[in-house]
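Working notes, beginning with the structure itself.
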Amino acid sequence: MQVCQQARPHSVLLKETNLVLFFFFSPLFFLSFFIFMMHLVDLNQECLLHLFSFLDKDSRRNLSLTCVRLREAFLDPRLWSLLHFSSPSELRRDNFVLGSSLRHLNICWHSSRVKVCNIEDWMKTSFQWDLCSKHERLVSHFLERVCHMCPNLLSLTLSGCGHITDHDVISMLQSCRRLQQLCLENCCRVTDAVLQAVVTHGISLLEVRVDFCRNITQTGLQGVRLRRPGVWLSAERSAGMIPDSQPEEKLHIRRALQKVLIFS
């Protein structure tokens, strides 16, 4: 026979709640927290950086607001050798530090809005233009800061960044001469000019990915393979996609089809 556990009386629950509140809001709790902080700030810089490395960007910033010593650890460039952003809006925040210690940078945006960004400019509606205008230059401006502040970058990954241009990527190749890995995925405005810059400026590159970039052609890929055979090159679906076209080209095609239909 199964014995049902009796519910605890309301008075017992009230006592337990009061006990928890007393613990967190009593002077003893704050005294314990103060002692903990005293021991924490007594650690040397290397130990603090090691502890900070287990926290995400927001947690690092929040902890740095507690005292000057932890703020110094937060601002130490050595803490920021890797940066990962999952949306362009995160680039506006003040929860990270750019510096010469940055080695790996990832900006990967996986959202339904990426489809809107990938629409050719002349085909966008006013609503789509308004949507894109809120973040159109965010990644480009951020990459400009990286060019000036992070010369020792080793790997760069840009995924779903539909508004970056050839100029943005070429500037990165020119400024970050130690770059070994360049990964571009679903960046619709990137063209063969980037591949030409890989040959000219990417002296340290070992791996290049231009996957799902519709304006990359077989000619550009072949040029990299011939002139930089030591670079591992990937271009999944890129050269086989339909490239962008100008409005006047569409108009000529439409008129030609109309003539065929009229005289057929």
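The values are calculated or read from the model by the stated rules, or taken from the named source; none is laboratory data. The structure displayed is predicted, hence computed values, not measured ones. When we count neighbours, we look across all protein chains shown, and the Cβ atoms used for this are built from the backbone with ideal geometry, even at glycine.
Brief remarks on what is shown
- If you check N118, N106 for being modelled with pLDDT under 95 and surrounded by 15 or more Cβ atoms within 10 Å (Cβ to Cβ), only one passes: N118.
- The set of residues in the range 141-161 being of a type in the set (G, A, S) and over 16 Å from N186 (Cβ atoms) consists of S155 alone.
- Counting the residues of the range 190-222 that are modelled with pLDDT of 90 or more, of a type in the set (D, E, K, R) and either under 21 Å from the mean Cα position of the chain (by Cα) or surrounded by 23 or more Cβ atoms within 10 Å (Cβ to Cβ) (or both) gives 3.
- Every pair of residues 6+ apart whose Cβ atoms lie under 7 Å, when the first sits in the range 178-190 and is of a type in the set (V, I, T) while the second is buried (at least 19 other Cβ atoms within 10 Å of the Cβ) and assigned to a strand (DSSP E or B): V190/L184; V190/V210
- Among the residues of the range 66-82, those identified as at pLDDT 90 or above and part of a loop (DSSP other than H, G, I, E, B) are D76, W80, S81.
- Close pairs (6 angstrom Cβ cut-off, 6 or more residues apart or separate chains): buried (at least 18 other Cβ atoms within 10 Å of the Cβ) in the range 67-91, assigned to a strand (DSSP E or B) anywhere: L83/L105; F85/I107
- Of the residues screened, C147 is not one that is touching a strand residue (DSSP E or B) at 6+ places or on another chain (Cβ under 8 Å), surrounded by fewer than 21 Cβ atoms within 10 Å (Cβ to Cβ) and modelled with pLDDT of 95 or more.
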